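Notes follow the structure.
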Amino acid sequence: MKVIVLGGGLVGGPMAADLAAEPGFHVAVADVRGETLEVLRRRHGLRTVRRDLSSPRAVKSLVREFDLVLSAVPGAIGFRVLRAVLEAGKPAVDIAFFPEDPFRLAATAERAGVPAVIDAGVAPGLSHILVAHARTRLDETRSAAIYVGGLPEVRERPFEYKAVFSPADVIEEYLRPARLVENGRVVVRPALSEPELLDFPGVGTLEAFNTDGLRSLLRTTPIPNMKEKTLRYPGHRDLMAVLRDSGFLAAEPVRVEGVRVRPLALTTRLLFPKWTLAEGERDLTVLRVVVEGVRSGRARRLAFDLLDRYDAASGVHSMARTTGYTASLIARMIASGLYDRPGLSAPEQIGERSACVGFLLDGLSRRGVAVRESDEEVSPSGNGPRARPGC
């Protein structure tokens with residue numbers, strides 16, 4: 001099967017290498033950056049194509065010869081890239097996490113008659129699959145909470161944060177209002193709001209705050225209480241809130257000494273060099289999914305915990321492992337026919353199929369990405385994971 005990965009960065013590259021390691025897959029990578037492609041050619045012997053993926057016409061022409069497309073482009077161009085892939089009639093697995101409503105592409109995917117899985121990373125992605133999987137094991141589901149964060153192993157002040165994917169997408173998370181579900185109603189909270197402190201074995205205390213990560217769950221999954229929170233080392237949220245509230249993340253230009261400057265553009269230009277994970281720099285990924293409900297008349301709490309670290313043997317960052325391998329395993333499901341639902345699919349629709357969940361968790365485990373599961377009875381007044389208010 002001929003597969004192309006669009007975007008050869010710190011996540012797209014490991015996705016391509018993972019697929020190329022399996023006989024039967026002939027993998028190419030497309031990117032606009034020549035130096036990125038040269039590294040992939042040298043290390044993995046991958047076929048590479050230098051192309052500006054911001055052009056829908058170029059994307060359509062490029063994917064025509066391939067049987068399956070994985071999109072790992074920045075979120076700013078993700079929507080139009082996926083639309084071009086679907087208009088070309090190609091099955092797709094997408095991790096771009098673009099801000100547009102992905103269901104606007106549902107009719108395009110239906111006309112194409114091919115599987116297209118959106119948000120196929122770690123969160124959203126694996127997180128949503130686990131929520132749906134837990135829901136199939138309960139008679140009634142009352143709440144779901146997702147906590148997730150990718151962090152540097154070594155904390156460096158002042159931000160104590162670095163990103164393996166586009167830092168612009170991180171900034172967008174801190175600005176986009178967060179949608180939650182409370183008592184069956186969608187409510188909106190500011191990003192970075194409602195901080196709480198949680199303890200994670202092997203990591204310590206992390207701070208969680210609201211971000212807009214429920215996405216498709218808001219439409220597909222009728223659980224009366226749902227939230228998604230991003231995890232950072234304590235203090236990072238306060239710094240970002242100060243920058244936001246002081247106007248440093250504003251998109252509207254301001255005039256400085258006669259020159260119009262976009263504060264967001266200047267801030268990101270200054271921050272990105274400090275936030276970029278260097279080659280060999282260690283990171284970790286923390287994911288906790290807690291789903292509560294009723295089974296056989298008793299209150300149950302199902303919890304899934306993942307703690308993954310940079311793999312020194314392969315040189316692959318943890319966020320690339322957890323995100324990229326989730327996507328590459330979903331691609332294998334499509335290639336093998338294990339997941340064959342035509343049209344647009346959210347990851348939770350994969351989670352409704354036990355065979356797919358088993359395939360995914362087994363594949364992640366074989367790559368050293370282990371998900372621990374617990375299923376326990378709780379008192380009716382149980383409050384989920386222990387947390388305390390943030391400062």
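The values are calculated or read from the model by the stated rules, or taken from the named source; none is laboratory data. Computed from a prediction, not measured in an experiment: that's the story for all the values here. All Cβ positions, even for glycine, are placed from backbone atoms using ideal geometry, and neighbour counts span all protein chains on display.
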Filter the stretch 59-78 for residues that are over 18 Å from Gly9 (Cα atoms) and free of Cβ contacts under 8 Å to residues at least 40 places away in the same chain; the one that is nearest to the chain's Cα centre (by Cα) is Lys60
At pLDDT 95 or above, polar (S, T, N, Q) and closer than 13 Å to Ala331 by Cα: does that describe Ser55?
-> no
State all residues of the stretch 291-346 that are small (Gly, Ala, Ser), more than 16 Å from Val5 (Cβ to Cβ), buried (at least 24 other Cβ atoms within 10 Å of the Cβ) and in contact with a Gly (Cβ under 8 Å, 6 or more places away or on another chain); if no residue qualifies, say none.
-> Ser318
Filter the stretch 355-391 for residues that are assigned to a loop (DSSP other than H, G, I, E, B), modelled with pLDDT of 95 or more and out of contact with any Phe, Trp or Tyr (no Cβ under 8 Å at 6 or more places or on another chain); the one that is farthest from Gly297 (Cα to Cα) is Gly368
Among the residues of the stretch 157-180, count how many are exposed (fewer than 14 other Cβ atoms within 10 Å of the Cβ) and in contact (Cβ under 8 Å) with a residue 24 or more places away in the chain.
-> 2
Within the stretch 98-152, which residues are among the β-branched types (Val, Ile, Thr) and either under 19 Å from Val357 (Cα atoms) or in the same structural domain as Ser296 (by TED's automatic domain parsing) (or both)?
-> Val117, Ile118, Val122, Ile129, Val131, Thr136, Thr141, Ile146, Val148
Quick one: in the stretch 309-336, which of the residues that are among the charged types (D, E, K, R) and in a strand (DSSP E or B) is nearest to His26 (Cα to Cα)?
-> Asp311
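For (1) out of contact with any helix residue (DSSP H, G or I) (no Cβ under 7 Å at 6 or more places or on another chain); (2) loosely packed, with under 14 Cβ neighbours inside 10 Å; (3) under 19 Å from Leu126 (Cβ atoms), each residue gets a yes or a no:
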| site | (1), (2), (3) |
| --- | --- |
| Thr141 | no, no, yes |
| Val148 | no, no, yes |
| Leu151 | yes, no, yes |
| Glu182 | yes, yes, no |
| Leu192 | no, no, no |
| Gly202 | yes, yes, yes |
| Leu214 | yes, no, yes |
| Thr221 | no, no, yes |
Could you check, for the stretch 178-198, whether at least one of its residues is among the hydroxyl-bearing types (Ser, Thr, Tyr), at pLDDT 95 or above, in the same structural domain as Asp308 (by TED's automatic domain parsing) and more than 21 Å from the chain's Cα centre (by Cα)?
-> no
Report yes if some residue within the stretch 147-165 is within 13 Å of the chain's Cα centre (by Cα), of a type outside the set (Val, Ile, Thr), modelled with pLDDT of 95 or more and more than 14 Å from Leu231 (Cα to Cα); otherwise report no.
-> no
Turns out the strands (runs of 3 or more DSSP E) fully within the stretch 197-308 with at least 2 residues that are farther than 29 Å from His133 by Cα and free of Cβ contacts under 8 Å to residues at least 40 places away in the same chain are 254-256, 259-261
Flag if Ala168 is within 17 Å of the chain's Cα centre (by Cα) and under 18 Å from Ala303 (Cα atoms) | no
